[in-house]
Amino acid sequence: MEVIDDKRLQSLFTPVSVGTMTLPNRFAMAPMTRFASPDGVPGPEVAAYYARRAAGGTALIITEGVRIPHPAAGPDSVPLIDGAEVLRSWRAVTDAVHAEGGAIAAQLWHEGSQREVLDGGREGQEAVSPSGIDVAGNQVGRALRIDELGALADVYAKAARNARDAGFDAVEVHGGHGYLLDQFLWGNTNRRTDGYGGTLTARTRFPAEVVAAVREAVGSGFPIIFRFSQWKINRYDAQLAATPGDLEKLLTPLIEAGVDVLHPSTRRHYQPAFPDDDPRLGMAGWAKKLTGLPVIAVGSVGLDTEFGFSLGGTKRISPAPVCRLLDQFDAGEFDIVAIGRALLADPGWVSRLRDGALDDFAGFDADTALAHLY
């Protein structure tokens, strides 16, 4: 049994505000794709799924990736964020979360070249990306023309406006994991020579333009979260930033464009990001140190191993202590912590932690946690 200093633990249950959004505690649900919205429409089971986590003590729900209204954005089973029927359905989701005392952010997503890899594409919808290559370096789809980029940024803006109008409290722009915006940020997938590629600053240009368009669409005060990652799908050794200086160059244009909260996605929240510069400081801590912005930490919280099971696997992952997380919060390394698989396994994990009842938490089992929208 893990013994937790109650005073330290309760510090995670203090409120925090970002723009127009106030959260009663520091816990968020990490975005996790569930492929449970046929034809892009989130049904009542999706509303109940997210509401259960809010009822279980999670202050901020960050949805699974939501397709922006672009034909090549992603598969039909991923929810869309456009059209009257879809937005009515999203209103039911946001109302359900609000009724349980939670806030909810929509994660805006475009797969880029990964669409071909993940779902084989759809007839007549060619994958698009910065340079027409995927994270493995394979030729996939085609490169976006420079005259298409402004319109694509406007699509992100439309999605953000739709999210605000459907009752969301914030949006998260997905710029990680080897998807479209990350493909612009990473030199291996961005080989452009037209001002949107080359240097790290140039590779950040289009993601920053997307953020600026989103900011204009939602107005001041409405929180914009930006998720980024070093790692990509099946490329856990990838690096956007080799040094803290690189990270600062990456983040500065995004912040100037209107980002309010940074969400560095890591597989282990406690792993040092730049061990030669600091043997302990994680990516969330570096983002906080370099920018001063609110930061969301994430990665294997409450479980004893990093993300690594197959969707059809049977791997069981045991619970793990949260003392290191408390150390990081006490040190000011993050403001909010996102919980992933622990919340899939137990919607009330946050309340269990608060009440000292984690002895009853059995850990994560892929077969049961992913079988349906529990």
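The values are calculated or read from the model by the stated rules, or taken from the named source; none is laboratory data. The shown structure was predicted, so the numbers you read here are calculated from the model rather than taken from an experiment. Cβ sites come from the backbone with ideal geometry, for glycine too, and all protein chains shown count toward neighbours. Heads up: the accessible areas ignore ligands, DNA and RNA and are worked out on the full protein's heavy atoms, side chains in. Shrake-Rupley method; radii C 1.70, N 1.55, O 1.52, S 1.80 Å.
Odds and ends about this structure:
- Region 259-348 - percent of accessible surface contributed by carbon and sulfur, probe 1.4 Å: 49 percent
- Protein-only accessible surface order, largest first, of TYR179, TYR50 at 1.4 Å: TYR179, TYR50
- Whole-Å distance, taken between Cα centres, linking region 142-203 and region 78-96: 23 Å
- Among the listed pairs LYS158/LYS289; LYS288/LYS315; LYS232/LYS315; LYS289/LYS315, a Cα-Cα separation exceeding 30 Å is found for LYS158/LYS289; LYS288/LYS315; LYS289/LYS315.
- Using θ = phi - 60° in the Karplus curve 6.51 cos²θ - 1.76 cosθ + 1.60, the 3J(HN,Hα) couplings for region 159-165 round to 4, 5, 4, 4, 4, 4, 5 Hz; x is entered for Gly and Pro.
- Relative contact order computed over the chain (Cα-Cα under 8 Å; 6+ residues apart), in percent: 16 percent
- Dipole-positive endmost among ALA72, VAL135, ALA160 within region 65-176 (Cβ charges, Cα centre): ALA160
- Take LEU358: with every protein chain present and a 1.4 Å probe, its accessible area is about 40 Å².
- From phi via Karplus (6.51, -1.76, 1.60), per-residue ³J(HN,Hα) for region 324-338 in Hz, x at Gly/Pro: 4, 4, 5, 4, 5, 5, 4, 7, x, 7, 8, 10, 9, 10, 9
- Per residue, the chain exposes an accessible area of 38 Å² to a 1.4 Å probe, with every protein chain left in place.
- Listed peptides 28-38, 335-345, 282-292 appear in the order 335-345, 282-292, 28-38 once ranked by packing, highest mean of other Cβ atoms within 10 Å at the front.
- Simple Cβ-charge dipole of the chain, Lys/Arg +1 and Asp/Glu -1, about Cα centre, in debye nearest 20: 240 debye
- Loop-located chymotrypsin sites (Phe, Trp or Tyr not before Pro) in region 209-241 (DSSP state other than H, G, I, E, B) with a sparse environment of at most 14 neighbouring Cβ atoms within 10 Å: TYR236.
- For LEU108, distant residues with modelled amide H under 5 Å away: VAL66, GLU172, VAL173, HIS174
- Nonlocal amide H pairs with GLY178, under 5 Å, H built at 1.01 Å: ILE233
- Here ARG235 sits with roughly 70 square angstrom of accessible surface, probe radius 1.4 Å.
- Dipole of the chain [Lys/Arg +1, Asp/Glu -1 at C-beta], most positive-end residue of LEU144, PHE364, ALA28: LEU144
- D_trans [Stokes-Einstein, Kirkwood Rh over alpha-carbon pairs] for the chain, 4 °C, 1.567 mPa s, µm² s⁻¹: 63 µm²/s
- Across region 20-105 the C-alpha pair distances fall into 5 Å bins from zero in the proportions 3, 16, 26, 24, 16, 10, 4, 0 percent.
- Vicinal HN-Hα couplings computed from phi for region 137-149 (Karplus, 6.51 cos²θ - 1.76 cosθ + 1.60; Hz; Gly/Pro x): x, 7, 6, 9, x, 9, 7, 5, 6, 4, 6, 8, 5
- Debye log10 I(q)/I(0) at q = 0.15, 0.25, 0.30 Å⁻¹ for region 180-229, Cα point scatterers: -0.43, -0.88, -1.08
- Counting DSSP beta bridges with both ends in the chain, the antiparallel % (nearest 5): 20 percent
- Of all accessible heavy-atom area on region 89-211, the percent that carbon and sulfur account for (1.4 Å): 45 percent
- Each peptide among 7-15, 104-112 gets the average number of other Cβ atoms lying within 10 Å of its residues, and from highest to lowest they stand as 104-112, 7-15.
- Overall, the ratio between the Cα radius of gyration of region 332-374 and 2.2 N^0.38 Å, rounded to two decimals, is 1.29.
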